[in-house]
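Encoded as structure tokens, the structure appears first; notes follow it.
Only the coordinates and a few stated rules stand behind these numbers; no lab work does. Keep in mind the model is a prediction, meaning the values are calculated, not measured. Heads up, the Cβs are rebuilt from the backbone with ideal geometry, glycines too, and the neighbour counts pull from every protein chain shown.
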Amino acid sequence: MPEIPKTYEPGKIEKKWYSFWLEQGYFTPEIDPEKKPFVIIMPPPNVTGELHLGHALTTTLEDIMARWHRMRGEPTLWLPGTDHAGIATQVVVEQELAKQGLGKNDTSREKFLEVAWDWVNRSREAINQQHQMLGASCDWTRERFTLDQGPSRAVRTAFVKLYDRGLIYRGERMINWCPRCQTALSDLEVEHRDMAGHLYYIRYPLARNDGFVTVATTRPETFFGDTAVAVNPEDKRYKNLVTEEVVLPIINKKIPIITDNAVDSSFGTGALKITPAHDPTDFEIAQRHNLPLVNIMNPDATMNENAGPYKNWERFACREKVIAELRDKGLLEKIEPYFHSVGHCSRCLTMIEPKVSLQWFVNTQPLAKAAIETVKKGSITIIPERFNKVYFDWMENIRDWCISRQLWWGQRIPVWYCQGCGKLIVSVEEPLTCDYCDSKRIVQDRDVLDTWFSSALWTHSTLGWPEDTDDLRYFYPSSVMETGYDIIFFWVARMVMMGLENMGEVPFRTIYLHGLVRDENGEKMSKLRGNVINPTEAIKEYGIDALRFALTVDNPPGTDVNLSEGKLESGRNFVNKLWNASRFIFQAVDEAFPQGQALKDVIASEAKQTQGPLPMEDRWINSRLNRLIDNVNKLIDEFQFGEAEHQIYDFFWREFCDWYIEIAKLRLRERSTPSPLPFLASTLEISLRLLHPFMPFITEELWQSLLRAKRGNLMLCSLQNDSEKMPSSIMIAPYPVADDKAIDSEAEWVMDSIIEAIRSIRNARAKYKVEPSRWVEAQIYADDLLPHITSQAKIIETLGHARPLAILPRDKRRIGQEALAMVLKESEVVLPLGSMIDLAKEKQNLAQEIEITQTRVEESEARLGDSVFLTKAPEHVVEKERQRLKMLRDKLKRLDQELSQLAYPSMGED
Ligand SMILES: [Zn+2]
Ligand SMILES: [Zn+2]
């Protein structure tokens, strides 16, 4: 039997076991119509992403669920994949091309896509490897990419279906525009930053009379696009002007003054310039009043011909020049500093221009209605529940969804324009001729679809939709959608809409939302703050299991994780505890049965010989273990993974290692019968299986050690199926199920009391700083518990290092001794002080200290009673003295208490 190494080196075994699982095909489920499958479709990480702690958290949580369900015998599919990440990838590839000296205009669409695919394929591979590094037990044979043929066909099919239902349309609407990327952006792709800007007060002369109306704006260059000035109808300042017109400076264009309730009279001058083509609020006001839209910018945010003399000026240069010109003309009233939030492109950080643009939109309201109903009906459960409100709020206020992007990277919009008759052809397959006039001159829409359009179909496109596949029939809908709470709108809500629309059924039964990973103080991790923990480095230093533990233990659903080096260390300590406890048990087995006898037989014959009841501690650990199993299964079922993990940790460390193993050591030393080996081995083995979903690598390594040779016989004692054939991996072994018959309240009552007694002795020893080798005298008084304590005397004596130990009924309580008495739940422990410390010396020390403190108290009292001191000394000095007196008095009280404890006479009467 080879020794197992002294220390655990995670790096050495992690790769080995992952490859083993993969080779054995354990991650690929078999379709079994008799069984209900457990399914998670992995939220596809962006193909541009580098592994960060957020991925590590998602992966760990999903893996916990997948492994638990798999061990319970459910066909488990965890389907992995990656997202093409439209604009993010486009920007990265543009940067790659720029390195080769190629600008966007120097590249053809084909060349661009070639470079993009090459880059994406490499990146995908790296991401998959990162998932494998974390232990993800997903089915790589079913891996998908959003741009794969299947999912792409799903995208075109969904587009055509929605178009045919009248839910997709092309129109001019307000969108976020990035002048650098030159595309529309979703709200998610816009980053809002607080900025110091200016509020410019500009005078618009009245057309018919002298005088002017002053408007305030942060973007003065947009006035070329103004089509009205609006005031609130209640605003008395403008009562007489509402039928008037004003003249826009520089371009001398007349525009009307109108009234609208949306105008906030308290902002600026109360007169609002209306630029409908470049401001979302203005756009809405313009719709109500039928005002024309005047676009004043080119796609790159230079001014167009509508800006008159400023045509082709860059927007910010234009701003400066316009302000100078207005000042010269006496039309600039004043400039005030102004802080406001300004949208930036999240990919290239260019300032966004809101603008009206001709784009494709989904009319989402009818889809949202069904999505609201389904959650209200309870067909989908959101965990934690408080996110229901977030979901409903968003769905009820949903706006039409702009789905076209002016990019090359992504799925082309399946719309063709006929040059012959001018009609649109919307089709899943590429048409060769026009459906209406047979013309061959048809051109596909240049734009691609928003990345989130394909992500919205992810739950069914990955399983083969629109084809009617076996996978789709068996695995749809999935069981759980696990993702961060920050993308509930952008993604989760849209998956619900599209799942219902395409499949007529919810896409998943449960939405589980996790929090963000923050640093130990709850601060966001950022390179700037220097508090980023790099997962790859953390894995190198602590191992994957420790990282998984640190990320999930004690963390309730939807709550942010505060990760610290300390937590990683406790993860590693736990792994080491498992390792060391296992080593001890393995060695004990090897020593007890050097001949390699079948331990199962030995135990069986031993059991026949002894026939007596099981030792109390065996009954106890078995009872505690089965309670744990019951709790853990319930907790995982309720998505309380952090609490389940915490309870396994507590049991293994605080009950099994700290107490059971310590007691077992005594029995092994004395070779008492029955042997504790069966319970040592089976408790270990079951604990490993309980822990496997959380810490897959250490548990597999140890389980395999148990499996080898004669140790394997031990496992048969604990595996509930009595088969001679052991599963070849812990990940396909059955997850423990609690045995109600093992619950033993009497054993728990007795052992809890005995542990409490030993602990009280140990605490007292620590308090009085008793040397470890010194035996202390102890008396334990009890009533109902008396016979049990008596039978466990040896354990108390050894583990408490207490001798002589007297165990007596309460009415035999002796008096007249200076002793420490501790009243416990079921007993009283009395420790004569003389056996712990040199009483006379201790008393003398205390008396001396009391005397010194008493003198100081008197000095301080005298000072504070002195009127000269009180009037002459500064207030803070007097205050300080008062504080000092209080502290001294407290100290005196404490010392008196300690002295009286030393002289504490035993209670009760003989
Ligand atoms: Zn951009
Ligand atoms: Zn045609």
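Structural remarks
- The value of relative contact order for region 265-332, using C-alpha pairs under 8 Å at least six residues apart, is 15 percent.
- The share of Cα pairs per 10 Å bin across region 751-910, counted from zero up to the longest distance, runs 10, 30, 23, 15, 12, 8, 2, 0 percent.
- Among ALA862, GLN844, LEU902 - extreme Cα towards positive end, dipole of region 828-910, charges at beta-carbon: ALA862
- Convex hull projection area averaged over all views, region 494-592, Cα basis, nm²: 10.8
- Spin-label pair ASN388/GLU245, simplified geometry with 7 Å Cα→Cβ offset, distance in nm: 5.7
- Modelled FRET efficiency - R0 45 Å, LYS377 with LEU839, Cβ distances, 0.05 increments: 0.05
- Taking the charge dipole of the chain about its Cα centre, with +1 at Lys and Arg Cβ atoms and -1 at Asp and Glu Cβ atoms, the residue from SER570, GLY464, CYS437 reaching farthest to the positive side is CYS437.
- Alpha-carbon Debye profile of region 16-162, log10 I(q)/I(0) at 0.12, 0.14 Å⁻¹: -0.61, -0.79
- Spatial separation of Cα centroids for region 811-854 and region 431-483, in angstrom: 81
- Cα gyration tensor shape of region 245-344, rounded if a/c is under 1.5, else prolate or oblate by comparing a/b with b/c: rounded
- Computed about the Cα centre, the dipole magnitude for region 1-80 is approximately 140 debye when only Lys and Arg (+1) and Asp and Glu (-1) carry charge, each at its Cβ.
- Pairwise label distance in nanometres, HIS340 with ARG529, each label 7 Å out on the Cα-Cβ vector: 3.0
- Adding -39500 (n - 2.57) for every DSSP H run of four residues or longer, then dividing by how many residues the chain holds, sets the calculated 222 nm ellipticity at -13500 deg cm²/dmol.
- Whichever lysines have a C-alpha closer than 24 Å to that of LYS376, once near sequence neighbours (fewer than 8 apart) are set aside: LYS389
- Spacing of the two label points (7 Å from each Cα toward its C-beta) at ASN290 and GLU325, in nm: 3.2
- Dipole of region 1-158 computed with +1 at Lys/Arg Cβ and -1 at Asp/Glu Cβ about the Cα centre; of LEU57, HIS131, THR89, farthest Cα towards the positive end is LEU57.
- Applied to region 875-883, the Karplus parametrisation 6.51 cos²θ - 1.76 cosθ + 1.60 on θ = phi - 60° returns per-residue 3J(HN,Hα) values of 3, 5, 5, 4, 4, 4, 5, 4, 4 Hz, with x for Gly and Pro.
- Share of alpha-carbon pairs per 5 Å distance bin for region 424-520, given as whole %: 2, 11, 17, 17, 13, 12, 11, 8, 5, 3, 1, 1, 0, 0
- Rounded to the nearest 20, the Cβ-based charge dipole of region 828-909 about its Cα centre (Lys and Arg +1, Asp and Glu -1) stands at 360 debye.
- Between the alpha-carbon centres of region 315-359 and region 614-675 there is a gap of 68 Å.
- Using R0 = 35 Å, the C-beta based FRET efficiency linking ASN105 and HIS192 works out to 0.70.
- For the chain, a crude dipole built from +1 on the beta carbon of Lys and Arg and -1 on the beta carbon of Asp and Glu, taken about the Cα centre, is about 1160 debye to the nearest 20.
- Stretching GLN897 away from GLU396 to a fully extended chain increases their span by 173.7 nm, per 0.36 nm per residue minus the current alpha-carbon distance.
- With N as its number of residues, region 759-818 has a Cα radius of gyration that, divided by 2.2 N^0.38 Å, comes to 1.15.
- Rounded, prolate or oblate (a/c below 1.5 giving rounded, otherwise prolate when a/b exceeds b/c) for the chain by Cα gyration tensor: oblate
- Shape call, region 640-685: gyration tensor on alpha carbons, a/c limit 1.5: prolate
- Folded to 0 to 90 degrees: helix 565-592 orientation relative to the chain principal axis, Cα: 40
- Share antiparallel - DSSP beta bridges, the chain, percent rounded to 5: 70
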